[in-house]
Amino acid sequence: MKRSTKDILAVNLAGISLDNPLILASGFLGISQEIFTRLYHEFEVGAIVSKSISLNPMEGYRGPTVVPLENFNFLNAVGLSNPGSDSFSNEIKNNDVPLLVSLVGSQENEFPKLIKKFDKLCILGYEVNLSCPHVAKMGMEVGDDIELVYRIIKRIKSVTTKPVIIKIGIGNTNIVKIAEIAQDAGANAITAINTIRAMKIDIKTERPILSNKFGGLSGKAIKPIGIRSVYEISKNLNIPVVGCGGIFSWEDVIEYMLAGSSAVQIGSSIGYLGMSVFKEIKKGIMDYIKKKDLKNIMEIIGNAHKY
């Protein structure tokens, strides 16, 4: 019997069935239902993660907020700008595509209020952003506080039965330790990694280029760090890991899955290659599977741990 593309590329992520392991990362194209629909039906993404949504609207930083760097990288300090939970819940009230809502907050009591806005809508679940490297009191300061991370996840899990994925990054606390705390608190999966705190200075004006001075580095430069993080987390945890950081090709996806990720998120490459990158990567993965004579892409997850 001839196997369908869906059968070959299908993955299971914490009980969520996806047609393929390619997920739109949070922060890119993440607040428009029209874009979500187009990404799923035209560009064949496996799932979509929204922009991080806070309880109330956030303006973010004044420009410049995004700086293209050499060798397919970006430096950004958008500042978690978003329309807020009321507006976004209305935006996705008729959603019919596989969508994870990214949540962000500075206090644990904000998260149940966020869940209440979205839990009855047609969504797969949540990704909780505990690792934005350039927003005070809503990013790495939260993610580095082990006790607060534990309390936030426990609070979220007490008010929803939907899967909860925790996005962690490179901060002052060991990333495996944070992942273990998340697992102990009931997280269903981990996304690793977020952007990495970085800076660029204009040597002509002698001023920091970003209005916030510091931003998050994304793109090809962070992929080796992402691979290492996924490898270590998946080796020490029992819940799935979603790889994120520097994915531009099908080879990058395979490397992340060999390291232990059950799915991957793609973001920065869209800025350089456009939304067609999803279909191009998907084709490359299919060719790889045929060459390896695999029944399903999940057969390769964590294979690098054998050695």
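Quick rundown of the values:
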item	result
Region 168-274: trypsin sites (Lys or Arg not before Pro) in DSSP loop, at most 13 other beta carbons within 10 Å	204
Among 83, 240, 21, residue whose mean-square fluctuation peaks in a GNM of the chain (springs only between Cα atoms under 10 Å)	83
Residue 296/residue 276 FRET efficiency (R0 35 Å; Cβ-Cβ; nearest 0.05)	0.90
FRET efficiency, 1/(1 + (r/R0)^6) with R0 22 Å, evaluated for residue 71 and residue 213 via beta carbons	0.50
Förster-model FRET efficiency, 25 Å R0, residue 146 and residue 113, C-beta, rounded to 0.05	0.60
Percent of Cα-Cα distances greater than 21 Å, calculated over region 190-307	45 percent
Among 194, 236, 212, residue whose mean-square fluctuation peaks in a GNM of the chain (springs only between Cα atoms under 10 Å)	236
Partner lysines for residue 200 [C-alpha distance under 19 Å; skip if fewer than 8 residues away on the same chain]	213, 220
Hull shadow area, averaged, the chain [alpha-carbon convex hull, nm²]	15.6 nm²
Net charge of neighbours whose Cβ lies under 12 Å from the Cβ of residue 238, counting Lys and Arg as +1 and Asp and Glu as -1	-1
Net charge over other residues, Cβ less than 15 angstrom from the Cβ of residue 89 (K, R count +1; D, E count -1)	+3
Calculated SAXS-style log₁₀ I(q)/I(0) at q = 0.12, 0.18 Å⁻¹ - region 26-111, Debye, Cα scatterers	-0.42, -0.86
Net charge over other residues, Cβ less than 9 angstrom from the Cβ of residue 26 (K, R count +1; D, E count -1)	+1
Region 204-307: GluC sites (Glu not before Pro) in DSSP loop, at most 12 other beta carbons within 10 Å	206
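Computed from the coordinates by the stated procedures, all read-outs in this text should not be read as laboratory data. Because the structure is a prediction, the values reported are computed rather than measured. All Cβ positions, glycine included, derive from the backbone under ideal geometry; neighbour counts span all protein chains shown.
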